[in-house]
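The values are calculated or read from the model by the stated rules, or taken from the named source; none is laboratory data. Computed from a prediction, not measured in an experiment: that's the story for all the values here. Positions of Cβ are backbone-derived with ideal geometry, glycine not excepted, and every protein chain shown enters the neighbour counts.
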Amino acid sequence: MKTIFKMAAVAATVTTLGTAVSAASIAEIASNDDRFSTLVAAVGAAGLVDTLAGPGPFTVYAPVNDAFAALPEGTVETLLMPENKDQLTNVLLYHVDDRQLNAGDFPAGSNYFKPVLASERLCITADADGVMIADGTGEMANVIIADIQADNGVIHVIDKVLLPGTRPACH
């Protein structure tokens, strides 16, 4: 009987923790993870915190700090300047889809996806090696952690900052 109560207590704890983890918005999850401190600063400078804390659903391709550090020297500092808010907003919205797309939702092969930045496209390739995203530069970002669930969508952690530009070749 004690074993049954212990198992029930463990199950209740796991259920509660699972609910607590998924009961945070994309903005909250990112702000509580040191790997995204540059992204969080950029989202704040662009005035998009409330958007990413909103009801969604959203898919966010979230670059880690190292991805921002790999940009040419001075790029992040320039984007964070108040006079460059529109450009920063465009870069950030290029990382957001207004649907919840878990990794399993990407069809096999290469397909275009439309981020919130409506005039642009991403080419997302899903295969046995994982999920990769080509941006407007034609370079590929790798999804290094997929399917971080939030109450308003999902985060896919990527190793490159996605930049708008020319429509990437997708087929």
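When you go through 51, 15 one by one, which is the residue that is modelled with pLDDT under 65, closer than 22 Å to residue 151 by Cβ and of a type in the set (Val, Ile, Thr)?
Result: 15 is the single residue among 51, 15 that is modelled with pLDDT under 65, closer than 22 Å to residue 151 by Cβ and of a type in the set (Val, Ile, Thr).
Looking at the range 21-39, is at least one residue surrounded by 14 or more Cβ atoms within 10 Å (Cβ to Cβ), in contact with a helix residue (DSSP H, G or I) (Cβ under 6 Å, 6 or more places away or on another chain), of a type in the set (S, T, N, Q) and not in a helix (DSSP H, G or I)?
Among the residues of the range 21-39, at least one is surrounded by 14 or more Cβ atoms within 10 Å (Cβ to Cβ), in contact with a helix residue (DSSP H, G or I) (Cβ under 6 Å, 6 or more places away or on another chain), of a type in the set (S, T, N, Q) and not in a helix (DSSP H, G or I), which makes the answer yes.
Can you confirm whether the range 136-157 contains a residue that is on the phi < 0 side of the Ramachandran plot, touching a Cys at 6+ places or on another chain (Cβ under 7 Å), modelled with pLDDT under 95 and not β-branched (Val, Ile, Thr)?
Within the range 136-157, none of the residues are on the phi < 0 side of the Ramachandran plot, touching a Cys at 6+ places or on another chain (Cβ under 7 Å), modelled with pLDDT under 95 and not β-branched (Val, Ile, Thr).
Quick one: is residue 133 in contact with a Leu (Cβ under 8 Å, 6 or more places away or on another chain) and in contact (Cβ under 8 Å) with a residue 40 or more places away in the chain?
So residue 133 fits the description; yes.
Take the conditions over 24 Å from residue 89 (Cβ atoms), without any contact (Cβ under 8 Å) to a residue 60 or more places away in the chain and of a type in the set (Asp, Glu) and apply them to residue 147. Does it pass?
Taking the combined requirement at face value, the residue satisfies it.
Residue-wise test of (1) out of contact with any Asp or Glu (no Cβ under 8 Å at 6 or more places or on another chain); (2) acidic (Asp, Glu); (3) closer than 11 Å to residue 115 by Cβ.
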site: 58; (1), (2), (3): no, no, yes
site: 63; (1), (2), (3): no, no, no
site: 68; (1), (2), (3): yes, no, no
site: 75; (1), (2), (3): yes, no, no
site: 86; (1), (2), (3): yes, yes, no
site: 93; (1), (2), (3): yes, no, yes
